[in-house]
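A.B. asks: Have a look at the structure that comes next, please.
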Amino acid sequence: MPTNHKLGALAAALAIALVIVGASWLARAGGKQAVHQKDKAFSATELTVKVGDSIEFKNDDDVAHNVFSTSEAQKFNTKIQPPGSSAEVTFVNEGTVQVRCAIHPQMKLTVHVEK
Amino acid sequence: MIFGAVVAAGLSMAEARERTLTLTISLKTTGHSIVFDQTELDAPFGTRLRLTYKNAAPAGSMINHDVAILRPGSDEKILATLQEHDYQLDSIKDSKDVIGLTKTLKPGESDSIEFLPPTRGDYVYICLMPGHGDVMGMRGTLRIK
């Protein structure tokens, strides 16, 4: 029946819209980048992420690291990371976050967090 | 402890002050820890102090440390200045709030600070390496009574 066809088309359109919105939301909220710690250096010196994105700090070195930030936009401290371990940080505020290692002062990373 | 050192030297506190005895405080950090081995110290007012610090971290750890003695109540201001200047010690080392500051010490190295506390009060001693005193809690209190 024509009415059933219309309802079916409407339901299909609604389902497609939900999938698109959901995928978009997941992409926005769940973005994750990896930063490696190797040879007592970060694999990047500057990164840009969206609010809600995460960075996974992977210790690929044979020594311990301790990633932290005292920036107003995001204060965090992963505490001691033994070799082979990872720590994930989610950036919840817009701004610039200066990231360092408490054990190796030469290790520096600037994270720009955008809306 | 300092009072113990005075007693061990066979002096009363008054005698110690009269003789301007220099008392030695020994601090160290061991292993990969980023804390001092002592977080509370006491000393009598009017006595010259020598604070000796040894960085006993493992040789290959690359964990450097230093120790600063800060005027009572000034620690937050000093740390804020340091953070604003990317932890450059030049930004605070000439401040009147910094009573003394050791060299930056590699594992195995030692240094001393000599000072006469100008007032009674709680002096913070703290490592000013990035993240050590402000994030990891590498600090303690020297009570001058």
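Laboratory data are not the source of any read-out in this text; all were calculated from the coordinates shown. Since the model is a prediction, treat every value here as computed from it, not as a measurement. Heads up, the Cβs are rebuilt from the backbone with ideal geometry, glycines too, and the neighbour counts pull from every protein chain shown.
A.B. asks: Under 17 Å from a point 7 Å along the Cα-to-Cβ line of B:SER95: which residues of segment B:61-84 have their amide N that close?
C.D. replies: B:66-84
A.B. asks: Projected onto the charge dipole of segment B:39-145 (+1 at Lys/Arg Cβ, -1 at Asp/Glu Cβ, origin at the Cα centre), which of B:GLY73, B:LEU142, B:SER95 gives the Cα projection farthest towards the positive end?
C.D. replies: Going by the charge dipole, the pick is B:LEU142.
A.B. asks: Shifting gears a bit: Could you list A:VAL63, A:VAL92 in order of exposure, starting from the residue whose Cβ has the fewest other Cβ atoms within 10 Å?
C.D. replies: On the way: A:VAL63 19, A:VAL92 11.
Final ranking by Cβ density, sparse to dense: A:VAL92, A:VAL63.
A.B. asks: With a ≥ b ≥ c taken as the square roots of the eigenvalues of the C-alpha gyration tensor of segment B:22-144, please select rounded if a/c is under 1.5 and otherwise prolate if a/b is larger than b/c or oblate if it is not?
C.D. replies: Because a/c hits 1.5 or more and a/b fails to exceed b/c, segment B:22-144 counts as oblate.
A.B. asks: Under a crude label model (7 Å from the Cα following the beta-carbon direction), how far is B:ASP122 from A:ALA34 in nanometres?
C.D. replies: Each label point is offset 7 Å from its Cα along the Cβ direction, giving 4.6 nm.
A.B. asks: Which FRET efficiency, nearest 0.05, do B:THR24 and A:GLU72 yield, Cβ-Cβ r, R0 35 Å?
C.D. replies: Numbers: r = 40 Å, r/R0 = 1.15.
Efficiency for this residue pair is about 0.30.
A.B. asks: OK, next. What is segment B:87-145's relative contact order, in percent, from Cα pairs under 8 angstrom and six or more apart in sequence? Before the final figure, lay out each step's value.
C.D. replies: On the way: 50 pairs, mean separation 17.3, N = 59.
Contact order relative to length: 29 percent.
A.B. asks: Let me ask something else. Give the average, rounded to an integer, of partner chain Cβ atoms located within 10 angstrom of each Cβ in B:126-134. Walk me through the numbers on the way to the answer.
C.D. replies: Values: counts 0, 1, 0, 3, 12, 11, 5, 0, 4.
Whole-number average of other-chain Cβ neighbours for B:126-134 is 4.
A.B. asks: Another question, if that's okay. So how far apart, in nm, are the two label points at A:THR110 and B:THR141 if each is 7 Å from Cα heading toward Cβ?
C.D. replies: Here the answer is 3.9 nm between the modelled labels.
A.B. asks: Return the percentage of antiparallel bridges among DSSP beta bridges fully within segment B:22-144, rounded to the nearest 5 %.
C.D. replies: Working: 19 of 32 bridges.
Rounded to the nearest five, the antiparallel share is 60 percent.
A.B. asks: List the chymotrypsin sites (Phe, Trp or Tyr not before Pro) within segment B:41-145 that fall in a DSSP loop (any state other than H, G, I, E or B) and whose Cβ has at most 15 other Cβ atoms within 10 Å. Intermediate results must be reported in sequence, preceding the final value.
C.D. replies: On the way: sites: B:PHE45, B:TYR53, B:TYR87, B:PHE115, B:TYR123, B:TYR125; in loops: B:PHE45, B:TYR87.
In loop regions of segment B:41-145 (DSSP not H, G, I, E or B), the sparsely surrounded chymotrypsin sites (Phe, Trp or Tyr not before Pro) are B:PHE45.
A.B. asks: A further question follows. Take A:VAL92, project a point 7 Å from its Cα along the Cβ direction, then tell me which residues of segment A:40-71 have their backbone nitrogen under 13 Å from it.
C.D. replies: The answer is A:52-53, whose backbone nitrogens lie closer than 13 Å to the label point.
A.B. asks: Now a separate question. Let me know the shape class of segment A:32-114, please: from the alpha-carbon gyration tensor, a ≥ b ≥ c as square roots of the eigenvalues, rounded when a/c is under 1.5, otherwise prolate if a/b is greater than b/c, or oblate.
C.D. replies: Numbers: a/c = 1.81, a/b = 1.65, b/c = 1.10.
Judged from the Cα gyration tensor, segment A:32-114 comes out prolate (a/c at least 1.5, a/b above b/c).
A.B. asks: Fewest Cβ neighbours within 10 Å first, please rank B:ILE69, A:ILE55 accordingly.
C.D. replies: Values: B:ILE69 20, A:ILE55 23.
Going from least to most buried by this count: B:ILE69, A:ILE55.
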